[in-house]
Amino acid sequence: MSIFGSILSAIFHHAKAATPDTTSPANAGTQPNAAAAAAPGTVPPAGSPVNVDAVLTSLATQNGQNLNWKESIVDLLKLLGLDSSLDARKKLAAELGYTGSTEDSASMNIWLIKEVRQKLAQNGGTLPAGL
């Protein structure tokens, strides 16, 4: 699986686990609430957008580390339990079409976090404005 595919899979997996199943008879007619949204083991309706910010904020709360996942590709990868090494980030950059120097890791990292957010939005993720 590609590195971006792993990112997408991790986020969407956590979103599915946190979304109540309102189609089952036990939940028919109920509206999801904050407590129900945290219920694990349920699947959101197919094609539903995933609130990436909510998923990652929830993971960050459970993580216990102070990870700046909104601005740092390294912290985002760590939060998702993925390899955040320079080699992995170079592979992700190549996968996403980065044309700059991978030796300039600061510039590459800035590009990566922006590109990953854009790709998440293109694949059904919703992100707050300004991110």
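The values are calculated or read from the model by the stated rules, or taken from the named source; none is laboratory data. Note that the structure is a prediction, hence the values are computed from the model and not measured. Cβ: placed from backbone, ideal geometry, glycine included. Neighbour counts: every protein chain shown. Note: areas computed on protein heavy atoms with side chains; ligands, DNA, RNA excluded. Shrake-Rupley method; radii C 1.70, N 1.55, O 1.52, S 1.80 Å.
Scanning for something surrounded by 14 or more Cβ atoms within 10 Å (Cβ to Cβ), among the β-branched types (V, I, T) and more than 24 Å from N63 (Cβ to Cβ), does the stretch 97-107 turn up at least one residue?
yes
Based on this model, can you work out whether E103 counts as out of contact with any Gly (no Cβ under 6 Å at 6 or more places or on another chain), modelled with pLDDT of 95 or more, part of a helix (DSSP H, G or I) and not β-branched (V, I, T)?
Working: out of contact with any Gly (no Cβ under 6 Å at 6 or more places or on another chain): yes; modelled with pLDDT of 95 or more: yes; part of a helix (DSSP H, G or I): no; not β-branched (V, I, T): yes.
No.
Output yes when any residue across the stretch 119-126 is more than 15 Å from I11 (Cα to Cα), of a type in the set (D, E, K, R), surrounded by fewer than 16 Cβ atoms within 10 Å (Cβ to Cβ) and in contact (Cβ under 8 Å) with a residue 12 or more places away in the chain, and no when none is.
Within the stretch 119-126, not a single residue is more than 15 Å from I11 (Cα to Cα), of a type in the set (D, E, K, R), surrounded by fewer than 16 Cβ atoms within 10 Å (Cβ to Cβ) and in contact (Cβ under 8 Å) with a residue 12 or more places away in the chain.
Which condition number does K91 fail, the rest of (1) open to solvent by 60 Å² or more (accessible area, probe 1.4 Å); (2) assigned to a helix (DSSP H, G or I); (3) closer than 26 Å to T57 by Cβ; (4) touching a residue at least 24 places away in the same chain (Cβ under 8 Å) being met?
K91 satisfies every listed condition except (3).
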